[in-house]
Structures are given as structure tokens and as C-alpha cells.
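Please read the structure below before turning to the comments.
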Amino acid sequence: MKRLFTSIIPKSYRRRAVGVAVTIFLRALLNFVGIALFVPVLVVILDRESITKEGYFSAIYDGLGFSSYTSFAVTISLGVVAVIILKNIISLLLYRSERNFTYGLYKHLSERLYVGYHNRGLGFIKHSNSALLTRNVNVVSLMFVVGVIKPIATIVGEIMLFLLLFVAMMCYSPIAALLAVAVIIPVILLFYFVVRRKLNDIGIRENEAQRTKSRIVAETFRGYSDIEIGGAFPEMYDRFERAMDEVVALRKRNATIGMLPQMFTETGMALGMAGLVILSVVVSKTDIGLLFGIFAVAVMRLIPSIRNIMSSWSALRYNRYTIDVVAEVNNESININRTDDRFHFAREIELRNLSFKFDDADTETISNLSLKIAKGERVGIKGASGVGKTTLFNLMLGLYRPTSGDILVDGERLGTENIRKWQNSIGYVSQSVFIADMSLAENIALGTSSEKIDYKRVTKVLEMADLKEFVASLPEGIHSRIGEQGSRLSGGQRQRIGIARALYKNCDILFFDEATSSLDSHTEENINSAIRRLSADNRALTIVVIAHRDSSLEYCDRIIDL
């Protein structure tokens, strides 16, 4: 519990938790009042003579001028109904603070996971499974608040109510109160020892099965063509079915365990009421009508109260694994660098003694590399597969941080403080251009809200990238959606969209990473011609190209062979 609040719950929510604790206590008090209000009704029904005896009922009867038992009983009953309705309204209003706290925390933690994973950089993303990260952000963060935070609040509230009821019963009948405790404690302990280890194990195993299932589904749709042609879907389905069977089996076990609190509490309370009857009739030989009625009212509220405690504890154990997931980014702050400032590139890019090694690698991918690229220069980079061309690009793009050495732009070292400004100044076209499931215009102006898009500029850069005919073929022009991951695009169209996206930024430098390697020779030549025209029309535009084929580097001023 200490770790939960010190390493996961942000400080602002810890302060709010104090207020929530107060509302939980007030709601418990209101629930207690709701139960206590049934006492006068029971007294009036079970002891008609109470209005003639000295006491509260007699004083109320005489003070308000009642003339008959019937009118008095009806008035008491209606008064209790009115107060119960008011109590429920107040309780609902108090619950709003708990609700706002819980789901506000979910929003914060989900955003913190999302931003935290993003801020760990490209290296972390490449070494992680996107389906699992997606599940953590969207599902596990929610399960943390509904399966850990809410059960804690429920347990605290029900314990407060139980204590209030216990104190009240002790004041009225110590024997009945002690008998209730004597029944409840063994019930709770028995439930605890029966299920405590099973629930934690079930929760961990189901999370693993759900992660496996999510990964299989994501891989099936992402690699549909290869899976279909390779005849791999039956095997994928078998893996999915095994994971699904595991989830269903674990859910069945959890559902069975979920029935135990009700069975345990009802059996225990029945034993308690039977014990009260035996104790009162056999031992004390007294009339137990009123005492039994009050005890029954208390017990009927204690049954769901104890059941809620045990069910909430079960949920807490079942979802305990979420604490470790959410704590992964417990030190991450939700800081989004929204600056539109640009790096005013005027002279040259310099790589000075640059080296880089992956965390899990034994040797450096790039070692002590130095070179300069002048503004307006067209530079080609080639080399065998695995030599580090894309790694070099990712360093120059600011996606990786050098192990040693520096990258300088106009003499200024690139670092955390200015990398966003640098990235605002550059354009990047990869071998597989990212296409979001949005309209063509939104893909071109990626990162710009739809209401701020300059549609005239979008049209212009599409023409510059030789996409005018493609746009004309779309049913809604630049407002047409082009499918998830560009499923409706050819390879050449995808690359041209990448070029148009870079041009929309009005970038100073264009990086092409194997942008034509997957295209046929005719399409490759068309793309290269488009790049040559861009370079000829804007001699200040710096172009850096990675390519395997020399034909893709013919327009370069110089070629660096890694």
C-alpha cells in the first residue's frame, strides 16, 4: 500500500485522497443512519405499547398531538422514507468526488504510460511489442483504478460502516454484537485462507494470456498478406484459441471464487441469527421479538457489507499485477513539447567522432565517425546491409542518442534542449512511410489539427510530389481517407505522400532512408526524378539519401560509402 501511494499516485491525487477519505466516512455514516432509521419503525410495529410508556416515542406522540396509533405509525414510516430518500441523494452527491478521483486518476495514469513509453525513445519502442504497450495504456491502467483503487475505497467504506454498526449494537445489545463478530471473523479468515494465493495467481496468468491474445490478433492483421500466402492462419488461430481457452478457464475459476463471499456471509449470518435465538430463548428465557428484528436489520446490511469487503479484496488480489505495470513509468511527467520553433540551419551539419552501441550489443554499430554536410548539398550514403546506415540516420534525426561524440548544426550541439527545434526543421521519408487512418490532407499535415491545416499548401505540395492525378481519382479529393497504414496506396504513392509531408513542413533538410528500395525500377526512377526536380527548384534544400542502388544516388553531389 505504501508503494502504491508513494510511487504511483501523483502528489496532487494524494492530497485529493484525503478529501475522498472524508467522503467515504460521510457515506458510511449516512448508510449507518439509513439502517438506524428502521429501528423506530420496528419499535412501533413490534411494541405498540411504546407510545404509552415513558420515552422518546411517547414524547413524540404526545408532543405532536397524535390521537391514534395508526396515524402515528404511518407518520413515522413516511418520515423514515423521506429521510432515506434525502440520505440517498446526499450519498450520491458525495460519491461524485470518489468517482471524479477514480476516473481522473485513470486518465492521468493512462496518459502517463502513453507519454512515458513515447519518451523512452525509438530503442525502447523497437524492443517492445506494440500490442502489449497498447494494452497497458488502454486496459491495464483502467484495471488498476477499477480493480485496485476502487476496491480499496470500498473496503475502507464498508469497514467504517461495520464499525459504526458494531458500536451501535454494543450499546443496544453487547451479546448480539459479540455474536455477530464471532461469526464474521471466522468467515473472513476462512475466505482469506481459501482464496488468497489462488486469486493472485489467476490474475497474473490471465494478464499473460490476454497479452498473448492481443499480440496474436495484432500480428494477424498487420501481417495479413504474408500469413495468408504462407498458410499460417490455422496456426495463428490455434495459438489464439489456446490463449482464449486459458482466459475462459481462468475467468470461470474467478467467477466461482466470486460466488464464495455471498455463500460464506449468508451461511455465517444465518448461524449468528440461529445462535441469537438459542441464546435468548434457551438461556435468558426473554422475549426476543424486538431484539431479533433489530439484529435482522443490522445483519441484512452486514451481509452485503462483508460480501463487498471480501469481493473487493478478491478484486484487489486479482488485479495486483497492474501495480507493477503502472509503476513502470512512475517517475515520468506528462510534458509534451509543443513548440513550433525551428532550428535555423544556415551552414553545415557536423558529425564529430560519433559512436553508437545498442544496449544489448557487444560491439559498436558506428565507431568514431566524423563528417560534414554543407547546406544545399546532396549527399548519398551507401553500404552493405547491417553496416549502420539507418542507425546513422536515426542519430542525425535525433531518434537515438550517441554513445559518444557530438552532432552539431551550425556549431551548436544537438541535445535534449533543442532536439525538438531540430526535428521541426527536417523532413524524413522512410522505406515504409507511416500512413495514419485519416484523410489524405491530415496525413500530409501530420501533427496539425484539422482546423489548422493549410489546404492550399496541401494541394500545392501534392502537385510538387506528382500526386495531382492520384488526388483527382479520389472520391473526396484530399479529404478522402486512404485506409489504415495506407492500405489503398501503391508503393510509389506512399513514398510521394512522404515527400509531400516533408515539403508541407517547408523543411530545410530532407532525409531519404531507402525510400525507393522496395519500388520497381520505373517507379523508382519517377521518385528520383521528383527528388531531382525538388533539388533543382530549391538549391538551398539539403538532401541526404540512403540507398543500395547507385541509380538512386546519381543526382548526389558526393557519396559516402560506409
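The values are calculated or read from the model by the stated rules, or taken from the named source; none is laboratory data. Only a predicted model underlies this, so the values are computations on that prediction, with no experimental measurement involved. Cβ: placed from backbone, ideal geometry, glycine included. Neighbour counts: every protein chain shown.
So here's what we get for this one:
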item	result
Residue pairs meeting the criteria (Cβ under 6 Å; at least 6 apart or on separate chains; first of a type in the set (Gly, Ala, Ser), in region 427-444; second modelled with pLDDT under 85 and part of a strand (DSSP E or B))	Ser430/Asp513; Ser439/Arg481
Looking only at region 224-268, and only at residues there that are outside any helix (DSSP H, G or I) and modelled with pLDDT of 70 or more, the one that is surrounded by the fewest Cβ atoms within 10 Å (Cβ to Cβ)	Gly231
Listing of helices (runs of 4 or more DSSP H) fully contained in region 100-186 that carry 3 or more residues being within 30 Å of Thr391 (Cα to Cα) and out of contact with any strand residue (DSSP E or B) (no Cβ under 9 Å at 6 or more places or on another chain)	121-126, 130-135
Verdict on Val80 being in a helix (DSSP H, G or I) and at pLDDT below 85	yes
Where Asn506 falls short, out of the listed (1) touching a helix residue (DSSP H, G or I) at 6+ places or on another chain (Cβ under 9 Å); (2) of a type in the set (S, T, N, Q); (3) in contact (Cβ under 8 Å) with a residue 40 or more places away in the chain	(3)
Residues of region 379-428 classified as among the charged types (D, E, K, R) and closer than 14 Å to Thr365 by Cα, total	2
Which listed residue is modelled with pLDDT under 90, out of contact with any Gly (no Cβ under 9 Å at 6 or more places or on another chain), surrounded by fewer than 16 Cβ atoms within 10 Å (Cβ to Cβ) and closer than 30 Å to Tyr555 by Cβ, from Ala346, Ala361, Ala374	Ala346
Cβ-Cβ under 6 Å pairs, at least 6 apart or on other chains, region 384-405 side on the phi > 0 side of the Ramachandran plot, far side outside any helix (DSSP H, G or I) and modelled with pLDDT of 90 or more	Gly405/Arg352; Gly405/Asn353; Gly405/Leu354; Gly405/Ser355
Enumerated helices (runs of 4 or more DSSP H) restricted to region 426-496, each holding at least 3 residues that are in contact with a helix residue (DSSP H, G or I) (Cβ under 6 Å, 6 or more places away or on another chain) and not acidic (Asp, Glu)	440-444, 455-464
Test result for Leu351, in contact with a strand residue (DSSP E or B) (Cβ under 6 Å, 6 or more places away or on another chain) and touching a residue at least 12 places away in the same chain (Cβ under 8 Å)	yes
Test: residue in region 400-417 that is outside any strand (DSSP E or B) and among the polar types (S, T, N, Q)	yes
Enumeration of residues in region 408-450 that are surrounded by 15 or more Cβ atoms within 10 Å (Cβ to Cβ) and aromatic (Phe, Trp, Tyr)	Trp422, Tyr428
Matching residues in region 1-59 - criterion: being within 30 Å of Ile76 (Cα to Cα), in a helix (DSSP H, G or I), at pLDDT below 70 and not hydrophobic (A, V, I, L, M, F, W, C)	Pro40, Arg48, Glu49, Ser50, Tyr56, Ser58
